[in-house]
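The values are calculated or read from the model by the stated rules, or taken from the named source; none is laboratory data. Only a predicted model underlies this, so the values are computations on that prediction, with no experimental measurement involved. Ideal geometry is used to build each Cβ from the backbone, glycine not excepted, and the neighbour counts take in all protein chains shown. Side chains included, ligands, DNA and RNA excluded: accessible areas come from the protein's heavy atoms. Shrake-Rupley method; radii C 1.70, N 1.55, O 1.52, S 1.80 Å.
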Amino acid sequence: MQREFDVLVVGSGIAGLTIAKRLQEEHLSIAIVESFEWGGTTPNHGSTPKKYLLAAVEAKQAIQSHLGKGFDGVPQINWQQLMSYKNSQIANTSKVIQESLSEASITTIYGNARFKNEATITVDGVDYTGKKIILATGARPRELEFEGKEHVHYSSHFLNAESLPPSITIIGAGIIAFAITNIASEIGDQVHVLQHNQRALGAFDPELVGDLIDLLKQRGVQYHFDHNVEKIIQLRDDLYQLTTKEGLVFETNVVYSVAGRVPNVEDLGLEKADITFNEQGVAVNEFLQTTNPKVYAIGDCNDSPAPKLSNYAEFQANYLADVLSGETLKPIAYPIPSMSVFSNPKIAQTGIFVNEAIRQPEIYEIEEIDMKNWLNYHRGNEPIARSKIVIRKSDQQIVGITSISNEADLLVNYFTLLLKMKMTKQQLRDTILAYPSLASDFSKFY
C-alpha cells in the first residue's frame with residue numbers, strides 16, 4: 001500500500017471530503033484518514049438524520065395549523081416508524097462515502113492518526129508521509145463536570161433513540177437544542193430546557209428568539225434559565241433526579257447535553273509536529289495554515305473566528321483547495337454570513353445581524369415588518385411571521401435581515417443573493433419574479 005502522498009487529509013467530515021475531492025481533481029495523490037464513520041458527523045448522526053425527523057414534525061404542524069380549516073384531526077407521529085424510515089435512508093452512508101472516495105482514486109485509511117514528526121503521521125503502527133497535511137478532525141460534544149455526568153447522553157443518542165420516554169431534559173439552548181426541543185415536543189414529550197444564563201441562541205435577535213420560546217412554551221416546553229446542573233441521581237433504570245445549583249429539583253427519564261462542542265485535537269500528537277493549539281482548536285493564520293507550514297487545519301478543529309457550522313467548514317475547504325492549487329494567493333475572506341435554526345417556526349438571518357446593528361446605532365437603523373397577514377404566510381395560518389430589516393443610514397441600503405416564520409430560511413437565502421448582488425430598489429422593480437412565491441414579496445421590503 002502507498003505510504004507517501006502529496007496530501008494527507010485527517011478526518012472525512014464535510015471539510016475533509018470537500019478538500020480531498022477538490023485536490024484529487026488536480027491529479028495529486030491523496031489519502032484520507034478516518035477513525036469512526038466515513039463522512040463524519042453531519043450525514044451520519046447530525047443534520048442529515050435530523051432533517052428526516054423534522055420533515056415528519058413539520059408535516060404534523062402544517063396539519064395542526066389547518067385544524068378545523070380542512071382537517072378534522074391531527075395524526076400522531078409514530079416514532080418507531082419514523083426512526084425506521086430515517087435509518088433506512090442513512091444506513092449505508094459511511095460505506096457509500098468510503099466507496100465514492102475509492103472510486104475517485106483517493107486512498108482511504110481507517111484508524112487513529114497521530115503525528116510522528118512534522119511531515120509524518122502514524123495510523124495503527126503504520127507511517128504515512130505527506131508533502132502537505134490537512135487536519136479536518138471536527139469536534140465532539142463538550143463534557144460537563146458534575147456528579148452523575150455518566151448519565152448524560154448527547155444529540156446523536158436522541159437522533160438514534162428507538163423510543164422516546166415521557167420526559168426529557170436538554171442542557172443548553174443553542175441551535176441543536178432547539179431542533180431537539182421542536183421534535184420531542186411534537187412527539188408528545190415533556191421537555192425541560194436548562195440554560196446557564198439568560199440567553200438562548202446568542203447569535204440571534206433576542207426579541208425574535210423570545211417569540212420562538214413563547215411558542216414552544218405553548219407546546220408545553222419548560223425553560224429554566226440561569227440554572228446550572230449540580231448533580232444527577234439515578235432513581236431506577238429509566239428515571240433520574242436532576243438538581244441544579246440554584247435549587248431546582250425535578251425528575252426526568254433522560255438527559256441530553258448540547259452545551260457546546262470542543263475540537264478533536266488533543267490526541268493528534270500535535271507537539272511532535274510543532275503545531276500550536278488551544279481550547280478553541282488548532283491555531284491557524286489567515287491562510288488556514290498552522291504553526292507548521294506544511295500543515296493546515298479546516299472546519300471545526302481550528303481556532304478561526306468563523307462559526308462552527310457545516311457550510312463554513314465547506315467554505316474553508318474550498319478556499320484551501322484554491323490556495324494549494326494556486327488559484328488564489330489571497331487570505332481567506334468570508335462572504336455575507338447566513339445562518340438558520342432547525343425549529344418551526346424557523347429563525348434565520350443574513351448580512352448585518354440585528355445584534356450588531358443594535359451596537360452601532362450611528363451606522364444602522366432597524367425596521368420591523370409584520371408579515372403574518374401577507375398571503376404567503378396567512379394561507380398557512382402561521383402563528384408568527386416577522387422580519388427585522390437592517391438599513392445602512394448613509395445610503396438607506398438594506399444590509400441585513402433577521403426573520404422568523406416557517407419559511408424564514410428560504411426568505412433569508414433569497415436575501416443573501418440580493419445583498420451579494422447589491423441590488424437596488426429600481427433593479428428589483430425591473431425584475432419579474434415568479435408569482436406566487438416568497439420572492440414575489442420582495443417589493444414589500446424595498
Can you tell me which residues in the range 43-99 are surrounded by fewer than 19 Cβ atoms within 10 Å (Cβ to Cβ) and among the charged types (D, E, K, R)? Lys51, Glu58, Lys60, Lys69, Asp72, Lys95, Glu99
In the range 317-331, how many are surrounded by fewer than 20 Cβ atoms within 10 Å (Cβ to Cβ) and either among the basic types (Lys, Arg) or within 21 Å of the chain's Cα centre (by Cα) (or both)? 2
Please list, ordered by first then second residue, the pairs with beta carbon atoms under 7 Å, 6 or more apart or interchain, first in the range 136-159 and more than 20 Å from Arg236 (Cβ to Cβ), second basic (Lys, Arg) and assigned to a strand (DSSP E or B). Ala139/Arg261; Arg140/Arg261; Pro141/Arg261; Arg142/Arg261; Phe146/Lys231
Identify all residues within the range 18-68 that are among the aliphatic types (A, V, I, L, M), in a strand (DSSP E or B) and within 24 Å of the chain's Cα centre (by Cα); write none if there are none. Ile32, Val33
With the condition kept exactly as written, say whether any residue in the range 339-350 is out of contact with any helix residue (DSSP H, G or I) (no Cβ under 8 Å at 6 or more places or on another chain), surrounded by 15 or more Cβ atoms within 10 Å (Cβ to Cβ) and either polar (S, T, N, Q) or over 29 Å from Ile187 (Cα atoms) (or both). no
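Residue by residue, here is whether (1) hydrophobic (A, V, I, L, M, F, W, C); (2) surrounded by 13 or more Cβ atoms within 10 Å (Cβ to Cβ) holds:
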| site | (1), (2) |
| --- | --- |
| Ile363 | yes, yes |
| Asn376 | no, yes |
| Arg379 | no, no |
| Ala385 | yes, yes |
| Val399 | yes, yes |
| Ser405 | no, yes |
| Asp430 | no, no |
Please count how many residues of the range 1-17 are within 28 Å of the chain's Cα centre (by Cα), assigned to a strand (DSSP E or B) and more than 17 Å from Gly111 (Cα to Cα). 1
When you go through (1) open to solvent by 20 Å² or more (accessible area, probe 1.4 Å); (2) in contact (Cβ under 8 Å) with a residue 12 or more places away in the chain one by one for Gly40, which number turns out not to apply? (1)
Looking at the range 191-259, what strands (runs of 3 or more DSSP E) fall wholly within it and have at least 3 residues that are open to solvent by 50 Å² or more (accessible area, probe 1.4 Å) and charged (D, E, K, R)? 229-236
Can you tell me how many residues in the range 407-418 are among the hydrophobic types (A, V, I, L, M, F, W, C), surrounded by fewer than 19 Cβ atoms within 10 Å (Cβ to Cβ) and touching a residue at least 12 places away in the same chain (Cβ under 8 Å)? 1
Could you figure out which of (1) touching a Ser or Thr at 6+ places or on another chain (Cβ under 6 Å); (2) crowded, with 21+ Cβ neighbours inside 10 Å isn't true of Glu314? (2)
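Quick grid of which residues meet (1) touching a Phe, Trp or Tyr at 6+ places or on another chain (Cβ under 7 Å); (2) modelled with pLDDT under 95; (3) not hydrophobic (A, V, I, L, M, F, W, C):
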residue: Val10; (1), (2), (3): no, no, no
residue: Ala15; (1), (2), (3): no, no, no
residue: Ile30; (1), (2), (3): yes, no, no
residue: Ser47; (1), (2), (3): no, yes, yes
residue: Ile63; (1), (2), (3): yes, no, no
